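Asker: I have a structure I would like to understand better, so I am pasting it below and will then ask my questions one at a time.
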Amino acid sequence: MALSVVDLYTRVLPRTNCKECGFPTCIAFAGMVVSEKHPLKNCPHIPADVLESAEEELEQQYKEGKWLKKDMAKEALEWARQKASSMTLKDIASRIGGNLETRDGKERIRLPCFNKELIITPDDVRDSAGGQLSRNEQTFVYIHMAQGGSQEPSGRMKSLKEFPNTVSKILSMKTHVEDPLKKEFSSKAGKLALACEAFGGKDRKTAYDSPDLAYEFAAFPKVPVVLLFWDESQGFEAEVKLLFDETVILHLDIELIMFLSEHLAGMLMELS
Ligand code: SF4
């Protein structure tokens, strides 16, 4: 039986996003293994028997050319379609909050995502300038399409640890999101504010008393994320916290929440 990116991610990899394989997330690594024959053994945390059997399956599908490079995004969409069998562009648009439109006789969705607008067609997802998304971004969007709930955000924002089953991710959030942001922007609140605005953040300082900065981002129309920043002061280190609407787990699983957090941190550092 062939192993898709999602099979590899859910059945073989530990899903800890430890980065020891050189990729920022397990799903990014899975994408490279399935689509570009990246060695599975580069993840050192797979039990030997599981590794052996997965490598046999991969060898077979590589021979058949299945899911190699060009078809990876399509495969994620196929999985997404299986999971949401009634999915049509019209359903998706109303569920996740995109705008359905017709161009040249074909339906497509315009979906805001941070500072971009994405164009989703049955075969592809690109930014509005026609640029391709990375495979990670494509997988993120397609999985959101499949599992996204329809509920509107409630406005009640929570930190990751307030959601169920997140204990194993708290350290990842600190190590891969909060600490790098603290290091990058300590004593540079102005620089962080500029990066937030460049990445589509809206100033929400009036809604929060204690932090020096508060910016809200729309990862997707129904997935707001708030970044709070306390700059270093009088011997206290800078602090960073991300907050998610309490409905986020209806739209994204914990892995995708981590993916979006790391993506946000990475983009802010890049923009600075
Ligand atoms: S080494 Fe890579 S694939 Fe393995 S658990 Fe860590 S991040 Fe995931």
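Asker: At a Förster radius of 51 Å, what calculated FRET efficiency corresponds to the Cβ-Cβ distance of LYS106 and GLU162, to the nearest 0.05? Working shown, then result.
Answerer: Values: r = 42 Å, r/R0 = 0.83.
Given R0 = 51 Å and the Cβ-Cβ separation, E is 0.75.
Asker: Further question: Based only on Cα atoms, what Rg/Rh ratio does segment 5-64 have, Rh being taken as Kirkwood's radius?
Answerer: On the way: Rg = 10.4 Å, Rh = 11.3 Å.
Reported Rg/Rh (Cα atoms, Kirkwood Rh): 0.92.
Asker: Please list ARG11, ARG108, ARG126 in order of solvent-accessible area, largest first, computed with a 1.4 Å probe with all protein chains present.
Answerer: From most exposed to least exposed: ARG11, ARG126, ARG108.
Asker: Distance cut-off 30 Å, Cα to Cα: go down the list LYS41/LYS90; LYS66/LYS158; LYS90/LYS116 and report the pairs above it. Working shown, then result.
Answerer: Numbers: LYS41/LYS90 41 Å; LYS66/LYS158 41 Å; LYS90/LYS116 21 Å.
Pairs exceeding the cut-off: LYS41/LYS90; LYS66/LYS158.
Asker: Hey, another quick one. On a C-alpha basis, how far is the centre of segment 1-26 from the centre of segment 91-160 in Å? Whole number, if you could?
Answerer: Value for the Cα centre distance between the two parts: 23 Å.
Asker: SER233: accessible area at probe 1.4 Å, nearest 10 Å²?
Answerer: Taking all protein chains as shown, SER233 has close to 60 Å².
Asker: Further question: Per residue, how much space in cubic angstrom lies within the convex hull of the C-alpha atoms of the chain? The partial results should precede the final answer.
Answerer: Numbers: hull volume 37.6 nm³, N = 272.
Per-residue hull volume (Cα only) is 138 Å³.
Asker: Which residues in segment 152-174 place their backbone N less than 16 Å from a point set 7 Å from the Cα of ASP253 along the Cα-to-Cβ direction?
Answerer: Residues 164-169 qualify, since their backbone N sits under 16 Å from the label point.
Asker: Further, regarding this structure: On average, how much accessible surface per residue is there in segment 5-64, in Å², for a 1.4 Å probe, leaving out ligands, DNA and RNA? Numbers along the way, then the final one.
Answerer: Values: 2970 Å² over 60 residues.
Per residue, segment 5-64 has 49 Å² of solvent-accessible surface.
Asker: Given +1 on the Cβ of Lys and Arg, -1 on the Cβ of Asp and Glu, and no further charges, what dipole in debye does the chain carry about its Cα centre, rounded to the nearest 20?
Answerer: Working: 35 positive and 42 negative charges, 87 e Å.
Charge dipole of the chain: 420 debye, to the nearest 20.
Asker: Taking the Cα atoms only, what angle lies between the long axis of helix 26-36 and the longest principal axis of the chain, rounded to 10 degrees?
Answerer: Relative to the chain, helix 26-36 is tipped by roughly 40 degrees.
Asker: Divide the volume of the convex hull of the Cα atoms of segment 157-271 by its number of residues and quote the answer in cubic angstrom per residue. List each step's numbers first, then the result.
Answerer: Working: hull volume 11.4 nm³, N = 115.
It is 99 Å³ per residue.
Asker: With every protein chain left in place, what is the accessible area per residue of segment 157-271 in square angstrom, probe 1.4 Å? Before the final figure, lay out each step's value.
Answerer: Numbers: 5260 Å² over 115 residues.
Heavy-atom SASA per residue in segment 157-271 reads 46 Å².
Asker: Using Cα atoms only, what is the angle between the long axis of helix 189-198 and the major principal axis of the chain, expressed in degrees (0 to 90) to the nearest 10?
Answerer: Approximately 50 degrees, to the nearest ten.
Asker: Using 0.36 nm per residue, how much length does the chain from LYS66 to GLU270 gain when fully extended, once their Cα-Cα distance is taken away?
Answerer: Numbers: separation 204, 0.36 × 204 = 73.44 nm, distance 3.47 nm.
Value of the extension gain: 70.0 nm.
Asker: Continuing with the same structure: Quick one: what are the phi-derived ³J(HN,Hα) couplings along segment 96-111, Karplus 6.51/-1.76/1.60 with θ = phi - 60°, whole Hz, x for glycine and proline?
Answerer: Values, residue by residue: 9, x, x, 9, 7, 9, 10, 10, 6, x, 10, 6, 7, 10, 9, 10 Hz.
The values are calculated or read from the model by the stated rules, or taken from the named source; none is laboratory data. Worth saying up front: this structure is predicted, and the values here are computed from it rather than measured. Cβ atoms come from the backbone with ideal geometry, glycine included; neighbour counts cover every protein chain shown. Just so you know, the surface numbers come from the protein's heavy atoms only, side chains and all, with ligands and any DNA or RNA stripped out. Shrake-Rupley method; radii C 1.70, N 1.55, O 1.52, S 1.80 Å.
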